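The values are calculated or read from the model by the stated rules, or taken from the named source; none is laboratory data. It should be emphasised that the depicted structure is a prediction, and the values quoted were computed from it without experimental measurement. Heads up, the Cβs are rebuilt from the backbone with ideal geometry, glycines too, and the neighbour counts pull from every protein chain shown.
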Ligand SMILES: Nc1ncnc2c1ncn2[C@@H]1O[C@H](COP(=O)(O)OP(=O)(O)OP(=O)(O)O)[C@@H](O)[C@H]1O
């Protein structure tokens, strides 16, 4: 169909770095490493202060709270990002929508401390709900909660807070879009490369794009740079050939490959925290939550007083679980949720089993 | 944070009401600049923040152009979301209907030029507006035309992804949408602009269909019934009618009669914008280079355009 050719021409211009530089994401959400570190420190300081004030206000000793370090906050956020694969799967989302949700989530916790929003799963659900709307992939709140195990009230309450934390820049650009553009363009620019090689380059690179969400790449590099890095990680030979064909100016070629290499280095040393470490941070995080601390103290007191079993059980069920997907399962149908956490833990973020399957439903 | 944003503006009085929003006029306290506050109605959308508000915010954030309405801020008051927009007291529909105002050729040209520039910018950013009509082309106090209402807008999808054909107010709906096309292009907006062009010249809607069936008939009557030859794939579009009335394409002579004041270059652009086959329709980029925009009379200067309030 003629309309199809018109829009594939258009897809290529999206890869344009120039257009990206006009985007609100670039203006509001890209940093130098120094700026990024300063931003995180500020957020961590805010969180620390928030915890202190909330404990004082509840007449509790702030020293009871085990404050998270900048690194621990980041570990927790990245761990949650790796859980997003599972949510995307139960909702059967195209990777564009998933990417938007994860980018929302990362931006949210760049300016908000996990010590303030100490139930990151709720935020993650809200980011997904908002992303489905922002990307025209609508679910009613009831459907959404049914599939993900999210709690409607939590999501609706947080929705505006998330929008606000995004500074209302609701258009999130991920590396999937330019990657698709490069994939199409390589086929015309390097006609001698067999289609199967280009195909596996694309599939491999998609996995690295997925992995990039566990790094700071989205704050430090542009989406085209990240997608080139993902291609470089998969097949450096063809990627370099492609860049040489596209960039006749050696200075431009060198500058681009240098930047891309920095991103490659980042993608190649993603270390995933152990489950134990994350649970340990989760424990600390719960100690920062004044309500949970109050509940814990009350429970201990009741236990000491040897009160009746009924009350005790009630409080037990309110005591939060480790911060992973199972957390929110308690109030909602277990089936959808169970599959969400199962798939999250088996596929993890680095290797979506259905990378090529989801490519066919890709929205952008 | 939210309260601080809200405190930057005053909300003075209600100036209008649409289906989903109430609009107030107010001021930016610091600068005394007049602004409009568009407050999304409560209870219209039980699934959290209204979709069209999300679309509008999302796209207006990305578009900064002299001919597209500026989104200045967003805040909530209680459960209600408010958008702070630049104040644009007049719209093209109002001007068209105001028979006391005479449109000169240069006025129509100035509005068409501004609308095409604004739309070109949207299309460059891969954004489809999908609801262009005179009522959504607002006029600033200084006479500048601005495209508004991005509640139906969306990003251009991949060639393989389907979109809904039920967009654009009927009278301005392109034929491919009338036939239920699930794959379409920025050309749908160009069609709307072409119909607005006709309306500016005639001071009457050019294809005022009474329902979707009548819209197809009126479109064919105005532009001729296309054939499979002129538009390959036409008859296999999902909602292409089983039987259609056959009308001839209007001759140049016929068009000159319908638009007696228009110049040849003007009619040429109008025809290019309203090609039935979307693949043959001009893009905004091409439209901007049309001789119509450079020939005499020149587009009217802002200071001399009707509809200014300053
Ligand atoms: N930026 C603005 N400056 C001044 N007045 C405005 C502005 N935007 C809207 N208005 C006024 O408020 C009215 C309602 O606007 P709104 O965009 O909500 O709805 P609409 O486009 O008229 O109708 P609908 O919601 O059915 O599409 C408009 O008709 C106009 O009179």
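A few notes on this one:
- For residue A:293, the stated conditions hold: it is over 25 Å from the mean Cα position of the chain (by Cα) and surrounded by 15 or more Cβ atoms within 10 Å (Cβ to Cβ).
- Test: residue B:22 is near the ligand (Cβ under 9 Å from one of its atoms) and away from chain A (no Cβ under 14 Å): yes
- Filter result for residue A:173 (buried (at least 17 other Cβ atoms within 10 Å of the Cβ), within 14 Å of another protein chain (Cβ to nearest Cβ) and in contact with a strand residue (DSSP E or B) (Cβ under 9 Å, 6 or more places away or on another chain)): no
- Scanning segment B:40-70 for residues that are surrounded by fewer than 19 Cβ atoms within 10 Å (Cβ to Cβ), in contact (Cβ under 8 Å) with a residue 40 or more places away in the chain and more than 14 Å from every other protein chain (Cβ to nearest Cβ) yields one hit, B:66.
- For segment B:138-147, taking the residues that are surrounded by 23 or more Cβ atoms within 10 Å (Cβ to Cβ) and within 11 Å of the ligand (Cβ to nearest atom), the one that is farthest from the chain's Cα centre (by Cα) is identified as B:139.
- Only one of the numbered conditions (1) within 13 Å of the ligand (Cβ to nearest atom); (2) farther than 19 Å from residue B:151 by Cα; (3) at pLDDT 95 or above is violated by residue B:15, and that is (3).
- Residue check for residue B:303: exposed (fewer than 14 other Cβ atoms within 10 Å of the Cβ), assigned to a helix (DSSP H, G or I) and away from chain A (no Cβ under 14 Å): yes
- Residues of segment B:4-19 that turn out to be touching a residue at least 12 places away in the same chain (Cβ under 8 Å) and within 14 Å of chain A (Cβ to nearest Cβ), as a count: 2
- Cβ-Cβ under 7 Å pairs, at least 6 apart or on other chains, segment B:147-162 side assigned by TED's automatic domain parsing to the domain that holds residue B:136 and within 27 Å of residue B:196 (Cβ to Cβ), far side away from the ligand (no atom under 16 Å from the Cβ) and assigned to a strand (DSSP E or B): B:153/B:127; B:153/B:128; B:154/B:128; B:155/B:127; B:156/B:128
- Pairs where the first residue, in segment B:79-102, is within 14 Å of another protein chain (Cβ to nearest Cβ) and the second is away from the ligand (no atom under 13 Å from the Cβ) and part of a loop (DSSP other than H, G, I, E, B), C-beta under 7 Å, 6+ apart: B:79/B:42; B:80/B:42; B:81/B:49
- Looking only at segment B:62-85, and only at residues there that are more than 24 Å from residue A:158 (Cα to Cα) and part of a strand (DSSP E or B), the one that is nearest to the ligand (Cβ to nearest atom): B:85
- Looking only at residues of segment A:153-164 that are in contact with a helix residue (DSSP H, G or I) (Cβ under 6 Å, 6 or more places away or on another chain) and at the interface with chain B (Cβ under 9 Å from one of its Cβ atoms), we find that the one that is surrounded by the fewest Cβ atoms within 10 Å (Cβ to Cβ) is A:159.
- Those residues of segment B:246-265 which are without any contact (Cβ under 8 Å) to a residue 60 or more places away in the chain and touching a helix residue (DSSP H, G or I) at 6+ places or on another chain (Cβ under 6 Å), in sequence order: B:247, B:255, B:265
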